[in-house]
Structure formats: structure tokens, C-alpha cells
Amino acid sequence: MSILWQTCFFYWRTLWLVACIGNVSLAQADVAGPDSHLAAGLRAEFAALEPQLSSNQFNRPLALNSAESSNRSKGEIYALVDYSFATVKEALIGPAHWCDVLILHLNTKYCHASTHNASNILAVSIGKKSYQAIDDAYLFEFVHSIATTTPEYFNVLFNAKTGPLGTSDYLLMLEAVSVPGGKTFLHLTYSYAFNFQGRLAMLAYLSTLGRGKVGFTHTAKASSGQPDYIGGMRGAVERNTMRYYLAIDAYLGALSTPPAAQLEKRLQSWFNATEQFSRQLHEVDRDAYLTMKRREVLRMQMPPGVAD
């Protein structure tokens, strides 16, 4: 497969994807037709990425990239997971289980799913890396939509219009396709926009509390001979994209566990996975994470307005 062909094919596929995302109301049931091209396109990306998936710094079939423009940051992960497409689709196409996924992220303090004006809403409170009152965290209202679903492919989106400190237009998107061997190929995108105030706030964080934090993209070899990693806003979006991917993987990995043990399995798996990338992702020790998350999950089980 030539580089030119790949580029043209992926560009053509992207046009189809944008068209489908812009017309989500037409895709609430399994359909055929143009959407099959999206499945073919994601499988083509899988084929193109196979060498990178089989040998990389992550020691798992995963590829990560990021981009930054004057007003937007984006992180993307492509990953092959050892779960059937039917399992992945049932677990993640609807909003029902996403709070169980998102609460694994260190900064997620609370999550509640509801329906308002025929829209599925996830109210997600994002805050510190320690336990805190919900009112002290920032509330995101993510609107859930299914852009496309077919028997072999789906694309699900969560959009939030506003965020803190000059950020907006948050997007968490997951697309998945069945591949040979009973496995599934995933593409996760996490992105957000920012204005001038937002850029200044992020730069202030990166020069203080975020000083020395890095992402996963290699930039060069340091004087020590060890890899040097990208920092700044791209480093930040890469860290968060990886945390969200590891939450998805931990959730899927616990589904085969008896229901009463699934939460503990998810928590332990997420923390263990992040520690494999401690240079980028280590923030708290295991006991602190587990204690905090157990309290936050109990709080999620309370009715809205009752939780502190």
C-alpha cells in the first residue's frame, strides 16, 4: 500500500466520517450503504498501522498521536483489543456504562447519566487528583450521540459545548470495527478548543504545577541517551487521551469477572496500566487512588442533589 494511496484513502474516509457525524439523527439503527466505507476505512488504517501495533514503546498493540493548532488540541489512540466486536458494541455504543468507564480517570469526581429533551446527557464533574466536593469541581454536560452503527462498525460521540478557563467544544469519540481473529480495532479521539484565555491558563499550569510533565511522543534523544518526550499542551492532551483509553480497556477487561467483583477489577486494572507509563501518568499511590475512587463510586450511586 503506497503512502500516496493511504493518504488519499484516509482523506476520502474522513469526508465520509464528517458527513455521518453531522447527520447523527439518521443513524440510530443498523444501516447499510455508505457507512460500510467507514468500516473499510478503519480496517485500512488497521492494516497500515499493523507494524507499529506489533512493535512500539507501549508493549501493547497501540498507536498514539496528537496535534495542536492555534485554538485546538487533539489526541488520538488506535488500538487492537482482544474482545469481540459484539462485546465492545454492547458495552460502549450506548451511554449506560460510560459513567463506569469515566469514573476510573483520576480527575473524574462524579458522573450521572440522564435523558433531557430526547438527548442522552452525561453530567461529568472534573476536578482535582484527590477527593473533593462535587460543587468544587467543574461540571461538563456531554451530549451522547451515535453517529453510525452497522453490524460491523460503530461510532459514538460525547460533546460538551463549554469547559473551564476559556476551553470549549470538548469531544470524546470512539469508533470501532470488527477485525479477523475475533478482535476489535478501536480509534479514540479526545479534543477540545481554547481561546486566548484558555491558552494562557494552560501555559500557567504547565509552568507551575505541570512543570516537567511529558506526553508519549518522542522528540529527540536527551544528553543521557534516553528518549526525550514532548511536553506542553500536546503532552497534556496525550496524557488525558491515554487515561481515557486505559479506562475503556479496564472496563472491557472486567466484563468477564463476576458482577460483584467488576468494580475492584476495573480500579486495579486502570491503576496497574497507568503505572506501566509512570513517567507520564503517575500522580498518586495505589492506596490513595483506590480509597478515593471507592468513595466516588459510592457517591455516584446516590441520587443527584444528595451526593456531596
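Taking each residue of region 77-94 that is among the acidic types (Asp, Glu) and looking for partners that are surrounded by fewer than 19 Cβ atoms within 10 Å (Cβ to Cβ) with beta-carbon atoms closer than 7 Å, six or more apart or interchain, yields 82/183.
Checking 204, 236 one by one, the residue that is closer than 25 Å to residue 98 by Cα, assigned to a helix (DSSP H, G or I) and modelled with pLDDT under 95 is 236 and no other. For region 102-141, the set of residues classified as of a type in the set (Ser, Thr, Tyr), touching a strand residue (DSSP E or B) at 6+ places or on another chain (Cβ under 8 Å) and under 21 Å from residue 165 (Cβ atoms) consists of 108, 110, 125, 138, listed by residue number. Is at least one residue of region 76-89 in contact with a strand residue (DSSP E or B) (Cβ under 6 Å, 6 or more places away or on another chain), aromatic (Phe, Trp, Tyr), within 18 Å of residue 147 (Cβ to Cβ) and at pLDDT 95 or above? Yes. Here 147, 123 are screened, and the one residue that is of a type in the set (Gly, Ala, Ser), in contact with a Cys (Cβ under 6 Å, 6 or more places away or on another chain) and in a strand (DSSP E or B) is 147.
Can you tell me which residues in region 188-201 are aliphatic (A, V, I, L, M) and either over 30 Å from residue 56 (Cα atoms) or modelled with pLDDT under 80 (or both)? Listed by number, the residues that qualify are 200, 201. Cβ-Cβ distances below 8 Å connect the following pairs, each with a first residue in region 124-136 that is under 16 Å from residue 301 (Cβ atoms), a second residue that is surrounded by fewer than 16 Cβ atoms within 10 Å (Cβ to Cβ) and modelled with pLDDT under 95, and a separation of six or more residues or different chains: 134/308. Summed over region 59-94, residues that are among the hydrophobic types (A, V, I, L, M, F, W, C) and surrounded by fewer than 17 Cβ atoms within 10 Å (Cβ to Cβ) total 2.
Out of everything in region 207-216 that is on the phi < 0 side of the Ramachandran plot and at pLDDT 80 or above, what residue ends up being surrounded by the fewest Cβ atoms within 10 Å (Cβ to Cβ)? Here the residue is 213.
Quickly run through region 169-201 and pick out the residues that are under 24 Å from residue 123 (Cα atoms) and not in a strand (DSSP E or B). Answer for region 169-201, where residues must be under 24 Å from residue 123 (Cα atoms) and not in a strand (DSSP E or B): 195, 198, 201. Of all residues in region 259-298, which are more than 21 Å from residue 58 (Cα to Cα) and buried (at least 18 other Cβ atoms within 10 Å of the Cβ)? Result: 289, 292, 293, 296, 297. The test for being touching a Cys at 6+ places or on another chain (Cβ under 9 Å), among the hydrophobic types (A, V, I, L, M, F, W, C) and in a strand (DSSP E or B) does not hold for residue 160. Consider region 156-183 and keep the residues that are among the small types (Gly, Ala, Ser) and in contact with a helix residue (DSSP H, G or I) (Cβ under 6 Å, 6 or more places away or on another chain). The one that is surrounded by the most Cβ atoms within 10 Å (Cβ to Cβ) is 176.
Looking across region 188-205 at every residue that is in contact (Cβ under 8 Å) with a residue 60 or more places away in the chain and small (Gly, Ala, Ser), the one that is farthest from residue 177 (Cα to Cα) is identified as 193.
The values are calculated or read from the model by the stated rules, or taken from the named source; none is laboratory data. Because the structure is predicted, anything quoted here is derived from the model rather than measured. Cβ: placed from backbone, ideal geometry, glycine included. Neighbour counts: every protein chain shown.
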